[in-house]
Every structure is written in structure tokens, then in C-alpha cells.
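Shown next, in C-alpha cells, is the structure this report addresses.
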Amino acid sequence: MGQKVNPVAFRTGIMEEWKSRWYASKKDFAELLVEDKKIRDFIKKRKDVADKPLYPAISKIEIERTRDEVRVTLFSAKPGIMIGQRGRKVEELQEDLQKITGRRVNLKIEEVLRPDIVAQLVAEDIGDQLVRRVGFRRTMKRAMEQAMEGGAKGIKIQLSGRLGGAEMARCEKQIAGSIPLSTLRAKIDYGFHEAKIAQGHIGIQVWINQGEYNEVENGTNAQTSQTSKNPKRSYKR
């Protein structure tokens, strides 16, 4: 990760795939880029009557474009809520996205099987608890314990703002396990969320080490394979 805050941006194009996959001419590129931003903002920021997210627990949104349609894939920990009764909510979202893009939209929902080690979902969960006035240290400790129990190799959480209702804003950081800063093969997930409390906004940043990319892809084989003769380097933070 080096000096870069977002480790996903550091690995995009090397170990990570792009979240928007399409090709356009120089004339149309800017317009389609803005359109991608509108799609993501519409899905993430849309609220219901109770001012809660209409499409909750979305970790990432991937967009692909063909000549005929726009393919939007949503990765959610709560696919049942996303689909709605008899698929009503999906159909409504598909129609709204078609109005935004002016093209046919193919919508797909993928389930996130282990939300405890997905950084964006962990950050949003911490934000929800801070809005409900749960102590920030207790919230951080609980999130870290759940991530480590869920199979994470390491986790770092940083909160910034008027923590605990203090008059002066400050940063609070906690780390468990290893978070290698420059190892590209380490799969480090990153999430950011803003909690809107009475005293102001609190920024929440979460880094989670999910292991190495080979281990994630071939998890069943990694347990039975022989260990390397060279000792692994340990990272202490």
C-alpha cells in the first residue's frame, strides 16, 4: 500500500479487476464515466420513507457495457431485501436505471457470503452503531473481533471526527493482526463510510487483510498443500 490510503486503487490493473469494464471513443468517454457515477450514487444514496438505505449492505457495484445493454452487478450481504417480494424491488431499480442511462439495463445481484471480512460492509456497520450512540471504542473492538473470527489475517480501523461528543475533532486508530503496506499479492480490502451524528460527521476507514490472492482463489487446496520451505515474513504493527 505504501503511502496510498486506498490499497484497492494500488492493485487495480495488477491484482484487482476494474469495477467499470467498457471501451469508448474519446468523444463518448467522459459522458459514460459520468453516467457510471450517476448509477452508483443513485443505488447507494437512495433512501426509503424512514430515511434508511433502500438497497442496504452493498459492498461494490460493477458495470459492464456492450453495444446493446448495460450490465450492472450488485454485491450485497442481504440479497433477499434487495430482490424484494416477488422481485418487485429489482424490477423497479432496473426501470429507474434504464431511465438514467437511456439503454437496456441487465441487473444482477451476487450474495456476499462472508460480510464480516468485507471492509465496506464493516465500515457501514460501524457507522450504523455510531448513529445509534454506541460507544466508538466498543464498536471498533467488536468489529475487529468479528473480522478476526471470520478468517481475516489482519484489520485496521480508523475513526476521525468529534468522537464521543468532544469539542475538538481527533483520530482514533486500532490494529489487529498484520496489514502489509507494500505486498501486492496480499489481498487488502478497503472501505470508507461517513456516520452523520448530532455532533457532526465521523469518517470511518477500514482496511482488512483477507490473505493472499492465491489463497482466496484456491482456499480448499491451500490447506492441504505443503508449506513453503522459506519462512514467511511477519509484519508487526
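Things to note:
- Cα centroid of region 95-124 to Cα centroid of region 126-182, whole Å: 25
- Amide hydrogen proximity for Asn106: with H placed 1.01 Å from N in the peptide plane, the residues at 5 or more positions away or on another chain lying under 5 Å are Val70, Arg71, Val72.
- Taking a straight Cα-Cα cut-off under 18 Å and skipping sequence neighbours fewer than 8 places away in the same chain, the aspartates and glutamates within cross-link reach of Lys89 are Asp41, Asp48, Asp51, Glu110, Glu111.
- Prolate/oblate/rounded call for the chain, Cα gyration tensor, a/c under 1.5 rounded: oblate
- Entries of Lys44/Lys141; Lys26/Lys78; Lys60/Lys141; Lys47/Lys187; Lys27/Lys156 with Cα pairs more than 30 Å apart: Lys26/Lys78; Lys47/Lys187; Lys27/Lys156
- Taking every DSSP helix (H) stretch of at least 4 residues in the chain, weighting each as -39,500 (n - 2.57) and dividing the sum by the residue count yields a mean residue ellipticity at 222 nm of -10000 deg cm²/dmol.
- Formal net charge of residues neighbouring Val112 (Cβ-Cβ distance under 14 Å; K, R +1; D, E -1): -3
Each reported figure results from applying straightforward, stated rules to the coordinates on display, with no laboratory input. All figures in this text were calculated on a predicted structure; none of them were measured in a lab. Glycine gets a Cβ as well: all are built from the backbone with ideal geometry, and neighbour counts include every protein chain shown.
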